[in-house]
1. With (1) facing another protein chain (nearest Cβ under 8 Å); (2) at pLDDT below 65; (3) in contact with a helix residue (DSSP H, G or I) (Cβ under 9 Å, 6 or more places away or on another chain); (4) exposed (fewer than 10 other Cβ atoms within 10 Å of the Cβ) as the list, and residue A:22 as the residue in question, which single condition is left unmet?
2. Which one of these is in a helix (DSSP H, G or I) and without any contact (Cβ under 8 Å) to a residue 12 or more places away in the chain: B:219, B:214?
3. Quick test for you: out of B:5, B:40, pick the one residue that is part of a helix (DSSP H, G or I), farther than 26 Å from residue B:187 by Cβ and modelled with pLDDT under 95.
4. Look at residue B:59 and say whether it is out of contact with any strand residue (DSSP E or B) (no Cβ under 8 Å at 6 or more places or on another chain), away from every other protein chain (no Cβ under 14 Å), farther than 30 Å from residue B:215 by Cα and in contact (Cβ under 8 Å) with a residue 24 or more places away in the chain.
5. Does residue B:170 count as at pLDDT below 90, surrounded by 12 or more Cβ atoms within 10 Å (Cβ to Cβ), within 27 Å of residue B:96 (Cα to Cα) and out of contact with any helix residue (DSSP H, G or I) (no Cβ under 9 Å at 6 or more places or on another chain)?
6. Which condition does residue B:156 not pass, out of (1) out of contact with any helix residue (DSSP H, G or I) (no Cβ under 8 Å at 6 or more places or on another chain); (2) more than 17 Å from residue B:51 (Cβ to Cβ), if it passes all the others?
7. Can you pull out the residues in the range B:8-37 that are surrounded by fewer than 17 Cβ atoms within 10 Å (Cβ to Cβ), part of a helix (DSSP H, G or I) and more than 7 Å from chain A (Cβ to nearest Cβ)?
């Protein structure tokens, strides 16, 4: 192992990350909500697209 | 809408839903100062990639307009440029939020930021220029020429200038963008889909805008 690698491993173990959040903080609920909102906006875009297509046919 | 010409819209949508989940749930490298904000790479950076793509399509449409005189090309050029501008504003705001918590300042005097500010102002002048003409053909022709100049000024400003000097952004000041120390393979599995997804959805929104502009134009000229 190079000195660089050892140093970076030593330094990185101190870095604060949201470790517990994903395990027991019901974080998956938030991810589900974000996914639903994203999906919802994209679905709306599809509906708008359809409406424009309808207007174009007239 | 047939499947033949909507598959890329569906692909873009699926990619963005995937990114919204994996961007939050996926593993990221532990980096000091950055901490969890490294995830912003999935959400902030694709804004710029999508913007650049739309600007390239816009300038291509302007060239096509100048060559053919087809007004639909001009309508597409303005639709793509304005959508690109909007994505640029979103990129700017998200960057300011990110910078506030990592660089310590929302708007540091960074060469890349200044370049983008100037670049977006050049594009703002494009929209003002279009608004100042009564004659449809003259407006289309002059703004097409200006769009080419705006594009030719924007790209070196944002890509080359910050690399010549030093910038807080990774990949500037001589380093290759997103080197091996910034992003691991697991991050790339989310970052690349994010870029492709936002490019596709950006094109989708811009083309939708172009179709609405065309409808409005046809209604006015009935």
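The values are calculated or read from the model by the stated rules, or taken from the named source; none is laboratory data. Note that the structure is a prediction, hence the values are computed from the model and not measured. As a convention, Cβ positions derive from the backbone with ideal geometry for all residues, glycine included, and neighbour counts pool all protein chains shown.
1. (4)
2. Result of the check over B:219, B:214: B:219.
3. Numbers: B:40 fails: farther than 26 Å from residue B:187 by Cβ.
Within the list B:5, B:40, the selection yields B:5.
4. Working: out of contact with any strand residue (DSSP E or B) (no Cβ under 8 Å at 6 or more places or on another chain): yes; away from every other protein chain (no Cβ under 14 Å): yes; farther than 30 Å from residue B:215 by Cα: no; in contact (Cβ under 8 Å) with a residue 24 or more places away in the chain: yes.
In short, no.
5. Values: at pLDDT below 90: yes; surrounded by 12 or more Cβ atoms within 10 Å (Cβ to Cβ): yes; within 27 Å of residue B:96 (Cα to Cα): yes; out of contact with any helix residue (DSSP H, G or I) (no Cβ under 9 Å at 6 or more places or on another chain): yes.
The answer is yes for residue B:170.
6. Answer for residue B:156: the failing condition is (2).
7. Across the range B:8-37, the qualifying residues are B:8, B:10, B:11, B:14, B:37.
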